Structure formats: C-alpha cells, structure tokens
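K.L.:
One structure follows; several queries about it will come next.
The values are calculated or read from the model by the stated rules, or taken from the named source; none is laboratory data. In this text the structure is predicted, and so the values were computed from the model without any measurement. Every residue, glycine among them, receives a Cβ derived from its backbone with ideal geometry; neighbour counts consider all protein chains shown. Remember, those area values only see protein heavy atoms, side chains included, never the ligands or the DNA or RNA. Shrake-Rupley method; radii C 1.70, N 1.55, O 1.52, S 1.80 Å.
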Amino acid sequence: MGLRERKKLRSRQLIMSAAVEQFDRRGYSETSIADIMNAAGLGVGTFYNYFASKEDLLFALFERIEGELIELAEREKHSPLAALKVINDRTAALLDENKFVLPLFLSASEHSDRPDLWKKRTRPKFKPVFEAIIERGQSDGHIRADVSSALIAEMFHSIYHSAALSLMPIPFQTNVQLKVQLLIDGIKSNS
C-alpha cells in the first residue's frame, strides 16, 4: 500500500472513530457532519471523499461491527453452544462500547413495515452465521432439532432489544449474558 492509500485509510479511520465518539456523546440525530469532522481534525469537505452522507457513515460503522462478529464466528472452533455464548458475549460488548447502535436498530424496527433505506440496510448480515452454528449444533445432536434454526437465531437477536429496554438494575452485558445462558439451556438437546 502506497503513502496516498495509507493516508486515505487513516483519514477514513479518523472519521469513523470521531463519529463513534460524537454519536456516543451527542446521539446520532444530534451529531452533525461538522461535529464529526471537527473531532477528527479534518475539514468538512473531506467527509464527502469517504461518505455520501451521515447515514452512509453510520452503515459503514454497522458493517465494521458486523464484520468483526462474522470473523469471530468463523474463527470459533468450540462446540456450537460454546460458540453461541462467545459470539453473544462479544456482541454485547460491542453494543456496550458503541451505545449509539442499539437505539438506532430499535428505532428502525419500529418502522419495519416501511420498505425504506433503514429496513434494507439494517438487516443483520451475521444472522445467517448464527443460523449456521445452530444448524451445526442441531445436526450433531447438541441443539434441539424440533425448533427451526431461524427462530432460535431470531431469539438470540431479540435478547439485545430486551436487555436494552430492561429496567433490571444490572449492567447491559450482564443482562445479555444471563438471558443468553437461559436460552442456551433451553435449546440444549436432551439426548
């Protein structure tokens, strides 16, 4: 990679890091492109060399988080049940580190009947990875086969919504871990 490419990559990473910081501090809707670029130490015009809009930047951040989870799932060589626990623990940590993400997904799900940009672009890309792990567990007898892998994967995803809306006086990650363990206990095969 040449100097120019490294500089472009560094600028893109600076913008994304500044966006995470600003979204966490101000909230997504209250953060302007100027806020992001000021925090990155770059001019506002530079933003458009990398992203078409603030929404485009947001989806790049979503894709980065999803990419990390997909890589983790592909590296995970434990039993399917252990893999589900590890991946869910990391997902909870990522959501806790990037607090702006979950409210946006919750907001988008409220409008899931609209075939607009949010519905198309916020559909999780790592859900098929969860389904593949569950199907592997079902085929090797570790996970109940009487429930569809799609339904079980959806149940894992709904844990984050539930934990985000919970009024229990426990941290988000702990809430997720307790619910994941209950779900794992419920899908274990009795054989």
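K.L.:
For the chain, what are the DSSP H helices with axial Cα length of 15 Å or more and mean Kyte-Doolittle hydropathy of at least -1.0? Intermediate results must be reported in sequence, preceding the final value.
P.N.:
Values: long enough: 3-26 (34 Å, -1.06); 54-75 (32 Å, -0.03); 80-97 (25 Å, 0.36); 127-139 (18 Å, -0.30); 149-165 (25 Å, 0.88); 172-187 (23 Å, 0.57).
Span-like helices in the chain: 54-75, 80-97, 127-139, 149-165, 172-187.
K.L.:
Could you tell me the center-to-center distance, by alpha carbons, between the stretch 146-166 and the stretch 46-92 in angstrom?
P.N.:
Each part reduced to its Cα centre gives a spacing of 17 Å.
K.L.:
Same structure, new question: What accessible area per residue, rounded to a whole number of Å², is obtained for the stretch 1-110 using a probe radius of 1.4 Å? Walk me through the numbers on the way to the answer.
P.N.:
Working: 5680 Å² over 110 residues.
For the stretch 1-110, the solvent-accessible area averages 52 Å² per residue.
K.L.:
Another question about this same structure. Count neighbours as other Cβ atoms within 10 Å of each site's Cβ, and list the GluC sites (Glu not before Pro) in the stretch 1-103 that are DSSP loop with at most 10 such neighbours.
P.N.:
On the way: sites: Glu5, Glu21, Glu30, Glu55, Glu63, Glu66, Glu68, Glu71, Glu74, Glu76, Glu97; in loops: Glu30, Glu76.
Hits after loop and neighbour filter: Glu30.
K.L.:
I would also like to ask the following. When the Kirkwood hydrodynamic radius is evaluated over all pairs of different C-alpha atoms of the stretch 29-91, what value in angstrom, to one decimal, is obtained?
P.N.:
Numbers: mean 1/r = 0.0716 Å⁻¹.
Hydrodynamic radius (Kirkwood, Cα pairs) of the stretch 29-91 is 14.0 Å.
K.L.:
Which far-off residues, 5 or more places away or on another chain, put their amide H under 5 Å from the one on Ile143, with H placed in the peptide plane?
P.N.:
The list, which skips near neighbours in sequence, is Gln138, Ser189.
K.L.:
Now for a different question. Using helices alone, what [θ] at 222 nm do you get for the chain, with -39,500 (n - 2.57) per DSSP H run of 4 or more residues, divided over all residues and rounded to the nearest 500?
P.N.:
Values: 10 runs with 137 residues, N = 191.
Rounded to the nearest 500, it is -23000 deg cm²/dmol.
K.L.:
What size of dipole, in debye to the nearest 20, comes out for the chain about its Cα centre when the only charges are +1 on Lys and Arg C-beta atoms and -1 on Asp and Glu C-beta atoms? If you can, show how the numbers build up before the last one.
P.N.:
Working: 26 positive and 25 negative charges, 115 e Å.
Taking the Cα centre of the chain as origin, the dipole is about 560 debye.
K.L.:
Which percent of the accessible area of the chain is formed by carbon and sulfur heavy atoms (probe 1.4 angstrom)? Please list the in-between numbers first.
P.N.:
Values: 5840 of 10620 Å².
That share works out to 55 percent.
K.L.:
Related question: So which of Lys7/Lys54; Lys8/Lys77; Lys77/Lys179; Lys99/Lys127; Lys7/Lys179 end up more than 32 Å apart by C-alpha? Present the calculation step by step, with values, prior to reporting the outcome.
P.N.:
Numbers: Lys7/Lys54 21 Å; Lys8/Lys77 35 Å; Lys77/Lys179 23 Å; Lys99/Lys127 20 Å; Lys7/Lys179 43 Å.
Pairs exceeding 32 Å: Lys8/Lys77; Lys7/Lys179.
K.L.:
Next up: For semi-axes √(5λ) of the Cα gyration tensor in Å, which listed value, [x] 34, 19, 15; [y] 28, 21, 13; [z] 26, 18, 15, comes from the coordinates shown?
P.N.:
[x]
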